[in-house]
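The values are calculated or read from the model by the stated rules, or taken from the named source; none is laboratory data. Since we're looking at a predicted model, the values are computed, not measured. Reconstructed Cβ throughout: ideal geometry from the backbone, glycine too, with neighbour counts over all protein chains shown.
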């Protein structure tokens, strides 16, 4: 049977086209599948990486927390010794008062010449003299016992004071010289970026470490389109200003007045919205727990936290030309590498707290606690773990922080200004 050559060629071409098409479909399908796998793998890798980072950090934080418990036990000993010292001093004072009273009675009895009067018969006078002599002897015996007790208490006081000095030296040495555990923790902490979830002394902390080489930090009060406050985290997330940006963190930017305007200084994009508050009224309020301060980013992009008085001295009351963003709050948590002097170790003033600290010229840390914590421990975390020489309290129980991986559903709140961190 003869087959036309042209038909064979046509069939060959059709077969070739079909083969190429099938091969192409297979390649496209595999590529698409690989892309999906890559996306899943990338997502898992980010989450796994975050878990590994958090787990490693948590172990180091736990070791340091154990060390802090030792310092706490020393602090408890010091507290008890101080109490003992106070009690003994009060007892010595009381005994000295009683001793002085007895000595005055002795002198009074010795000077009493009642028997010289002619009104008292001689026999009665002899009896009175004997009673007086016995009373004086008893008082003298009491004074000897009181003197002995006072000397014993003084010796005890001396021993306690020496022990107190020793314990204070031990505590100061433990705090001044970073332990091996703390140094290891600090070295690891300085390499962290982005979101971190960690337990410190039984309190859960959410952190965001912003790197200014790859992150932008901005303050937001009003939507430029509606001219109304954002109020909530979600409103800012959905706004035009963040629409085309990858948002890494949003939190409230300090305290605000009943009308939701910022309390104290607020500058946004070089515009002064509210002036700095230099008052220091004698009222119980975190904002006025002096010294308070200002968190700012200057025109060159460098972050700072300054005490209010230092800010006014450097920039004046109303100058905003050198400041891109600024928010005032209080109290300062860490001041020139020292924890606020009014914070008390072991204080039972426990609240949810949020704050910001300067790690260096390129790194800023934002922290919120999900459990209640005192100011001392909150400031300690900034200062000792992340080596923040300056840190500022932002707000308390109402505070919230949106973190896309750790806390993606935290989008509520009704605030004054907000702080965002976005990817450059």
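Descriptive notes on the structure:
- Those residues of region 277-312 which are outside any strand (DSSP E or B) and surrounded by 20 or more Cβ atoms within 10 Å (Cβ to Cβ), in sequence order: 287, 292, 308, 311
- Qualifying residue in region 213-227 (condition: under 24 Å from residue 336 (Cβ atoms) and assigned by TED's automatic domain parsing to the domain that holds residue 383): yes
- For first residues located in region 358-383 and over 15 Å from residue 337 (Cα atoms), partners that are in a strand (DSSP E or B) and modelled with pLDDT under 95 and lie 6+ apart or on another chain with Cβ distances below 7 Å do not occur.
- Residues that are surrounded by 22 or more Cβ atoms within 10 Å (Cβ to Cβ) and in a loop (DSSP other than H, G, I, E, B) within region 257-276 comprise 264, 265, listed in sequence order.
- The residue pairs whose first member lies in region 80-104 and is over 14 Å from residue 156 (Cβ atoms), whose second member is surrounded by 11 or more Cβ atoms within 10 Å (Cβ to Cβ), and whose beta carbons are closer than 6 Å, counting only pairs six or more residues apart or on different chains, are 99/143; 99/146; 102/139; 102/142; 102/143.
- When region 391-407 is limited to residues that are buried (at least 18 other Cβ atoms within 10 Å of the Cβ) and not in a strand (DSSP E or B), the one that is nearest to the chain's Cα centre (by Cα) turns out to be 399.
- All of 310, 329 fail the test of being in the same structural domain as residue 215 (by TED's automatic domain parsing), in contact with a helix residue (DSSP H, G or I) (Cβ under 8 Å, 6 or more places away or on another chain), on the phi < 0 side of the Ramachandran plot and at pLDDT 95 or above, apart from 329.
- Residues that are out of contact with any strand residue (DSSP E or B) (no Cβ under 9 Å at 6 or more places or on another chain) and within 30 Å of residue 330 (Cβ to Cβ) number at least 1 in the following helices (runs of 4 or more DSSP H) confined to region 146-256: 180-189.
- Test: residue 93 is in the same structural domain as residue 152 (by TED's automatic domain parsing), exposed (fewer than 13 other Cβ atoms within 10 Å of the Cβ) and either at pLDDT 85 or above or in contact with a helix residue (DSSP H, G or I) (Cβ under 8 Å, 6 or more places away or on another chain) (or both): yes
- Which listed residue is in the same structural domain as residue 227 (by TED's automatic domain parsing), modelled with pLDDT of 95 or more and closer than 23 Å to residue 290 by Cα, from 370, 387: 387
- Residue check, residue 334 in the same structural domain as residue 257 (by TED's automatic domain parsing) and under 22 Å from the mean Cα position of the chain (by Cα): yes
- Test: residue 272 is out of contact with any helix residue (DSSP H, G or I) (no Cβ under 7 Å at 6 or more places or on another chain), in the same structural domain as residue 325 (by TED's automatic domain parsing) and under 17 Å from residue 310 (Cα atoms): no
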